[in-house]
1. What does the net charge come to around I50 if you take all other residues with beta carbon closer than 13 Å to its beta carbon, with K and R at +1 and D and E at -1?
2. How big is the C-alpha Rg of the chain next to the rule-of-thumb value 2.2 N^0.38 Å, as a ratio?
3. How big is the dipole moment of segment 63-109 about its Cα centre under a simple scheme where the beta carbon of each Lys and Arg is +1, that of each Asp and Glu is -1, and everything else is neutral? Debye, nearest 20, please.
4. Sequence neighbours fewer than 8 away in the same chain don't count; with that in mind, list the lysines whose C-alpha is under 20 Å from K64.
5. For K86 and N73, compute 0.36 nm times the residue count separating them, minus their Cα-Cα distance, and round to one decimal in nm.
6. Dipole of the chain (Lys/Arg Cβ +1, Asp/Glu Cβ -1, origin at the Cα centre): which of N76, Q38, A49 lies farthest to the positive side?
7. Assigning unit charges at the beta carbon (Lys, Arg +1; Asp, Glu -1) and nothing else, what dipole magnitude in debye, to the nearest 20, does the chain show about its Cα centre?
8. What FRET efficiency would be calculated for the residue pair S108, K64, taking the C-beta separation as r and a Förster radius of 22 Å, to the nearest 0.05?
Amino acid sequence: VQLQASGGGLVQAGGSLRLSCAASGRTFSRYAVGWFRQAPGKEREFVAAIGWSAGSTYYADSVKGRFTISRDNAKNTVYLQMNSLKPEDTAVYYCAADPLRIPSNAGSDFSSWGQGTQVTVSS
């Protein structure tokens, strides 16, 4: 599956952004999708993931309660709604997918990666 991430931008602290991860392929509904991010000089970190079922989600503690991952299989798209953004959320955000039923927080579990989209939160 090929992935295309979009929706990044510059926002003030406290603001919101919605990232989209659009996928090719007719079996996308059978893929778990994860969002990861990497800030300059830091290692890539897990943000959120969703399994085959929209009710199967998994969040990093740092974004729990502020970010929401969802999917629209009819549109082959997974979304990451980011609210109450903080300057420490600034990073390049990547989406990844793999035919996993259960969402994972390990980047090594995902076989397909999209290009990143930059999110910058100003204070």
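Bear in mind that the values in this text are calculations on the coordinates, not laboratory data. Bear in mind that the values here come from a model prediction, so they are computed numbers and not experimental data. For neighbour counting, all protein chains shown are included, and Cβ atoms are generated from backbone atoms with ideal geometry for every residue, glycine included.
1. Result for the local shell: +1.
2. Its radius of gyration relative to the 2.2 N^0.38 Å reference: 0.96.
3. Roughly 180 debye, rounded to the nearest 20.
4. Of all the lysines, those that pass the test against K64 - Cα under 20 Å, at least 8 places apart if same chain - are K86.
5. 1.7 nm
6. Most positive-ward Cα: N76.
7. Magnitude of the dipole: close to 280 debye.
8. With R0 = 22 Å, the Cβ-Cβ based efficiency is 0.50.
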